[in-house]
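K.L.:
Structure below; questions to follow.
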Amino acid sequence: MDRILILDFGGQTTQLIGRRIRDLGVYTEIFPAETKIDKEMLHETKGIILSGSPYSVNDPDPPWPDPSVFDSGLPVLGICFGTQVMMKQYGGRITSLPTREFGRSRVHFRRASALFDQVPDGFVSWMSHGDSIDELAPGFEVVGESENRIPAAVEAAAAPFYGIQFHPEVSHCEYGDQILENFAVKICGAAKSWSMDLYIEQSIERIKQRVGDQKVLLLISGGVDSSVVAGLLVRALPPEQVHLLHIDTGLMRKNESQEVIQDLEQLGARHLHFVDASEEFLSALEGVEDPEKKREIIGDLFISVQQREVERLGLGDAFLAQGTLYTDLIESGKGVGKKAQVIKSHHNVRSPLVEKKRQQGMIVEPLDRVYKDEVRRIGRKIGISEELVRRHPFPGPGLAVRILGEVSPEKCRILREADALYVEELKQRGLYDDIWQAFSVLLPIRTVGVTGDTRHYGYVLALRAVHSSDGMTADVYPFPFHDLREISARITNSIREIGRVVYDYSSKPPSTIEWE
Ligand code: XMP
C-alpha cells in the first residue's frame with residue numbers, strides 16, 4: 001500500500017500529521033527522526049514529511065535525518081523544525097526570532113506553488129516557532145510570508161522539496177487538510193487506498209495466521225479498545241478458541257461490567273469469564289490515602305488476580321491479545337526519535353504475563369497501527385454498540401483515582417451514582433460527544449449546606465470535562481453556564497450525601513486530567 005513516511009523529531013503534533021493524512025485515505029507511518037532510510041524503508045513510500053520538534057537546529061546536537069531522505073528522489077515536506085532542517089542541510093541560515101510567532105497568522109503568497117493549489121491568498125495558518133529562516137538555502141525560493149513578513153513557505157526550484165513554517169495538521173489552520181492532500185496526493189501521487197474495511201480484512205487475516213488453531217486470551221476492561229479487539233478475534237477465529245476475561249475490581253462505573261458482558265455476548269463470544277474481585281480490591285485499599293500507594297496496590301493486585309485466573313482457566317499456553325494502539329507504541333518510545341522529549345505513559349501496567357508472552361512472541365495486537373478515532377470506526381463496522389464505541393476513556397485504577405484519599409464501598413456508591421447522573425445529563429443535552437473526557441471526582445472534604453431548616457454536612461463533588469486529542473494535553477471544556485447550573489442542581493437534589501458541586505477549570509499542563 002502507498003504510504004507517506006513521517007519522521008518524528010519529537011513535535012507535539014506529529015501524531016496529528018499522521019492522522020490527518022489518514023483521514024484523507026492515504027496510509028501514513030511515523031518513524032523515529034534518525035531512522036536509516038534504506039531501500040526497504042522506501043518500499044511503497046511515496047513521500048516523506050519531517051515533523052516539528054522541541055529542538056532548535058542550532059542546538060549542539062539536534063536530531064538529524066538520514067541524508068538519504070534528500071537523495072531518495074521522493075518529495076519531502078518540512079513542517080516547522082523540518083523546514084529548518086532542510087534549510088540548514090542545504091546551506092541556509094536559521095536564527096532565533098526576537099519574539100516567537102505563535103497562534104493564528106495569515107499567509108500571503110509571493111508565487112504559485114502546487115502545495116497551495118486551491119488555497120486562497122491570505123489564508124489563516126497556525127504558527128508556533130521561535131527560530132526562523134534568516135537566509136534561504138541556495139536553490140530555494142520563498143513562496144509565502146506571514147503577517148510579520150517572515151518566510152512561511154519555501155520551495156526548491158530543482159527538487160520536490162517543500163517547507164512550511166506553520167502547522168497544517170492543527171485544526172485552527174485553515175485549508176490544512178487541503179495542503180496535506182496537495183502534498184500527499186497531488187505532489188507525491190500516493191493512492192487513497194487506506195480504509196477501515198481494508199484494515200479489518202487484513203487484521204482478521206493476520207490474526208488467523210498468527211493464532212492458527214490455538215487459544216487466545218483477552219482481558220476486557222470495559223473500554224472501547226479491548227472490546228474492538230474482542231470483536232476482531234470473534235470474527236477471525238472459531239468461538240471456542242477465544243477466551244475473554246473481565247475482572248470487576250469494584251472500581252468500575254455504574255452497571256459497567258454488566259453492559260460489557262452483554263455486548264460481548266451479542267458479538268458471539270462464547271467463553272466469557274467474569275471474575276468479581278471487588279471485595280479483594282476494596283479491602284486491600286482500606287485505610288490507604290496516598291495516591292501512588294493506591295495505584296500500586298491496584299496494579300499489583302490486578303496482576304495477581306489475573307495470573308490466578310489464567311491458571312484456573314488453564315490458559316497459560318494461550319496467545320495473549322491486547323488493545324495496544326498506535327499512539328501507545330509511539331508514547332512508549334517505539335515510534336519516536338531517541339532524543340525526543342516524550343511524556344511517558346505511566347498507565348500501562350507491566351505485568352509478568354505480558355512480559356512472558358512478549359518474550360515467547362505470543363502477543364496479538366490488532367490495533368497497533370490505528371489511532372483511537374479509527375478504533376471507533378472499526379468498532380462501528382464490526383457491530384460494537386454505539387454506547388460502547390462512544391464511551392470516554394476510563395483509567396485502569398478506575399474510581400479509586402477519582403475518590404480522593406481513602407476509598408470505601410460507600411464512597412464508590414456515591415460517586416457511581418453522581419457520575420452516572422452527570423454522564424446521563426451530558427448525553428441528554430447532546431454534549432457528551434463534544435467532550436473528549438468527562439467525569440466526576442469525590443473530594444475528601446465536607447462542607448455545610450441547608451435543606452429546609454436543617455444544616456448538614458455533605459461531600460463536595462467536582463465535575464471535570466476536557467477537550468483533548470490523546471490525553472497528553474487537555475483544555476477545559478467551555479461549559480455553557482446554564483447546563484452546569486442545572487446539572488449541579490440535579491446532582492445535589494438527587495444524591496443526599498453530596499452538598500456542593502464545583503467545576504474544575506484547569507487545563508493540562510499544569511494540571512493533569514485525573515485528580516490523582
Ligand atoms: P492524566 O491524569 O495523566 O490522564 O492527565 C491522561 C489520560 O490517561 C488516563 N489515565 C489512566 N489510564 N491507567 C489508565 O489506563 C491509569 O492509571 C491512568 N491514569 C490516567 C486519564 O483518564 C486520561 O484519559
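The values are calculated or read from the model by the stated rules, or taken from the named source; none is laboratory data. Note that the coordinates shown come from a computational prediction; the quantities given were computed from them, not determined experimentally. No Cβ is skipped: glycine too gets one built from the backbone with ideal geometry, and neighbour counts run over all protein chains shown. All accessible areas refer to the heavy atoms of the entire protein, side chains included, with ligands and DNA or RNA removed. Shrake-Rupley method; radii C 1.70, N 1.55, O 1.52, S 1.80 Å.
K.L.:
Report whether or not residue 423 is open to solvent by less than 60 Å² (accessible area, probe 1.4 Å), away from the ligand (no atom under 16 Å from the Cβ) and either in a loop (DSSP other than H, G, I, E, B) or at pLDDT 95 or above (or both).
P.N.:
Spelling it out, it is not the case that residue 423 is open to solvent by less than 60 Å² (accessible area, probe 1.4 Å), away from the ligand (no atom under 16 Å from the Cβ) and either in a loop (DSSP other than H, G, I, E, B) or at pLDDT 95 or above (or both).
K.L.:
Anything in the stretch 364-376 that is in a helix (DSSP H, G or I) and either crowded, with 18+ Cβ neighbours inside 10 Å or at pLDDT 95 or above (or both)? List them, or say none.
P.N.:
Residues satisfying the conditions are 372, 374, 375, 376.
K.L.:
Kindly evaluate residue 407 against the criterion of being within 30 Å of the chain's Cα centre (by Cα), not in a strand (DSSP E or B) and not hydroxyl-bearing (Ser, Thr, Tyr).
P.N.:
Answer is yes for this residue.
K.L.:
Mind counting the residues in the stretch 457-478 that are out of contact with any helix residue (DSSP H, G or I) (no Cβ under 7 Å at 6 or more places or on another chain) and in contact (Cβ under 8 Å) with a residue 40 or more places away in the chain?
P.N.:
11
K.L.:
Of the residues 51, 56, which single one is in contact with a Cys (Cβ under 9 Å, 6 or more places away or on another chain), at pLDDT 95 or above and open to solvent by less than 40 Å² (accessible area, probe 1.4 Å)?
P.N.:
Unique residue meeting the criteria: 51.
K.L.:
Of everything in the stretch 240-251, what is open to solvent by 10 Å² or more (accessible area, probe 1.4 Å) and over 11 Å from residue 276 (Cα atoms)? Give them in sequence order.
P.N.:
240, 241, 243
K.L.:
Name the residues in the stretch 427-442 that are open to solvent by less than 30 Å² (accessible area, probe 1.4 Å) and more than 16 Å from the ligand (Cβ to nearest atom), would you?
P.N.:
Scanning the stretch 427-442 gives a single hit, 431.
K.L.:
For the stretch 141-231, which strands (runs of 3 or more DSSP E) that fit wholly inside it have 1 or more residues that are within 30 Å of residue 304 (Cβ to Cβ) and in contact (Cβ under 8 Å) with a residue 12 or more places away in the chain?
P.N.:
Counting at least 1 such residues, we get 216-219.
K.L.:
For the stretch 470-509: of the residues being within 11 Å of the ligand (Cβ to nearest atom) and part of a loop (DSSP other than H, G, I, E, B), which is surrounded by the fewest Cβ atoms within 10 Å (Cβ to Cβ)?
P.N.:
509
K.L.:
Tell me the residue from 446, 402 that is open to solvent by less than 20 Å² (accessible area, probe 1.4 Å) and within 28 Å of residue 284 (Cα to Cα), please.
P.N.:
Residue meeting the stated conditions: 402.
K.L.:
Give me the residue from the stretch 372-393 that is in contact with an Asp or Glu (Cβ under 8 Å, 6 or more places away or on another chain) and closer than 26 Å to residue 516 by Cα and, out of that set, farthest from the ligand (Cβ to nearest atom).
P.N.:
Restricting to residues being in contact with an Asp or Glu (Cβ under 8 Å, 6 or more places away or on another chain) and closer than 26 Å to residue 516 by Cα, the top hit is 388.
K.L.:
Only one residue in 25, 73 is open to solvent by 30 Å² or more (accessible area, probe 1.4 Å) and at positive phi. Which one?
P.N.:
73
K.L.:
Go through (1) open to solvent by less than 30 Å² (accessible area, probe 1.4 Å); (2) closer than 30 Å to residue 283 by Cα; (3) part of a strand (DSSP E or B) for residue 466 and report which single condition fails.
P.N.:
For residue 466, the failing item is (2).
K.L.:
For the stretch 343-363, which positions are open to solvent by less than 100 Å² (accessible area, probe 1.4 Å) and modelled with pLDDT under 80?
P.N.:
343, 345, 349, 351
K.L.:
Restrict the check to the stretch 208-222 and report whether at least one residue is modelled with pLDDT of 95 or more and of a type in the set (Ser, Thr, Tyr).
P.N.:
Taking every residue of the stretch 208-222 in turn, none turns out to be modelled with pLDDT of 95 or more and of a type in the set (Ser, Thr, Tyr).
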